[in-house]
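See structure below.
The values are calculated or read from the model by the stated rules, or taken from the named source; none is laboratory data. What you see is a predicted model, and the numbers here were worked out from it, not measured in a lab. Cβ coordinates were reconstructed from backbone atoms using ideal geometry, including for glycine residues, and neighbour counts include every protein chain displayed. These area figures cover heavy atoms from the full protein model, side chains too; ligands, DNA and RNA do not enter into them. Shrake-Rupley method; radii C 1.70, N 1.55, O 1.52, S 1.80 Å.
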Amino acid sequence: MTTPLDLKGLQSLLWNFAGHRTVTTAAKCGILSRLARSPATVNTISEDLELAPEACDKVVRALVALGVLEYDEPIFRLAPDLEPLFNQGPDDLAPFLEHSHRMYENWGENLETWLRTGTWPRRERQSKEVQNFGKAMRGVGVRTAKTVVDHIDLEGVRSMLDIGGSLGHWAQAVCEKAPGVSATVFDIEETAAAGRELYRGTEFEGRISFSGGDYLSDDLGKGYDLALIANVLHQELAEQASELIRRTAKALAPGGRLCVVDFRIDSDRCGPELGTLFAIHMRDFGDTWTEADIGSWMTDAGLSSIERTDVGPTRWIITGHKR
Ligand SMILES: C[S@@+](CC[C@H](N)C(=O)[O-])C[C@H]1O[C@@H](n2cnc3c(N)ncnc32)[C@H](O)[C@@H]1O
């Protein structure tokens, strides 16, 4: 149940947007990555990153107030828990903050028009944007995957298919937890190629393979013990989402299970907050699907014993079994 806001709560909500923009802009301008390398004064930060010193001074102080930085005069440092997240390796969170920045820029520009006219321009991602999106999904997903996978029953699982599996972070989380599992990550050609490259020469090279194609029309393989559709159904309309579940269920071996991981939404679609906001983000090309929607598509696909596991307040796993 959501607690209704009072005026103070409303004011704080309105300022959330400024807080969001301050954090994502600081990330975009390199402040978080710079401080992850070493603590620094405002002068050093602004010199290193070629930022306006007075503006940089106000921004870093606001970041202290927001809890992103710590201040020990005259030195600013990243909050200890955040420091390892901005390590510039393949799991760096900075690309996700930049993605978040672009996403709300898009909201700022288009939400009102969409609300008035139902129109929100959409264009295909260019190659560079596909790459950035993959890095952003990995940056935010690599840690979530580890937590969520703890709630998935991996008993008897030897092979796994990860639909729309991006750069392989979910497959990796499963492989780390269950050493006998081999995973196939299915994603668009360009992302699959980037995933292959990322894992080349790593301990997972022989266990995580990448298949490129369109999950709605290309062959998904067969005989898998586990299939995962994580954060993918919400980007499809009902007809395609149902078709994707049908095709994925077909790729399972008898006794296999399909896990859909996605944002939770109540049956009246009025909560939780993240699920409802995400439904806006998906506007007219996707949605945050209810348990009843996903369950009925699984039933249509011949899956049974459908169960729901909540993972924290915002996410769930809906699992169906193939007999
Ligand atoms: C929101 S991301 C989710 C990535 C990953 N599962 C995660 O949770 O981090 C959706 C993924 O679906 C992939 N995708 C979108 N349309 C696809 C299609 N028609 N065929 C294959 N993959 C697709 C995208 O490239 C992207 O990697």
Fill in the blank from the handout: In nm², the average projected area of the convex hull spanned by the Cα atoms of the chain is 18.5
Problem - Of N16, P313, N43, farthest towards positive along the dipole that unit charges on Lys, Arg, Asp, Glu beta carbons give the chain - result: P313
Handout entry: Accessible surface of E109 - all protein chains present, 1.4 Å probe, nearest 10 Å²
Key = 130
Completion exercise
Expressed as a percent, the accessible surface of the chain that is carbon or sulfur, using a 1.4 Å probe and the full set of protein chains, is 52
Handout entry: Sequence-separation-based contact order of region 1-62, relative, with Cα cut under 8 Å and 6+ spacing, percent
Key = 24
Practice task
Rank-order 3-15, 110-122 by packing density, defined as the average count of other C-beta atoms within 10 Å over each peptide's residues, highest first.
Solution key: 110-122, 3-15
Problem - Amide proton proximity set for G256, modelled H, under 5 Å, gap of 5+ - result: K322
Exercise for the section: Enter the accessible area per residue of the chain (Å², integer; probe 1.4 Å; all protein chains in place). Expected result: 52
Exercise for the section: Beta carbons within 10 angstrom, averaged per residue: use that to sort the peptides 176-188, 36-48, highest first. Expected result: 176-188, 36-48
Practice task
For region 27-39, just list the computed ³J(HN,Hα) in residue order, Karplus coefficients 6.51, -1.76 and 1.60, θ = phi - 60°, integers in Hz, with x standing in for Gly and Pro.
Solution key: 5, 4, 7, x, 5, 5, 5, 4, 6, 5, 6, 6, x
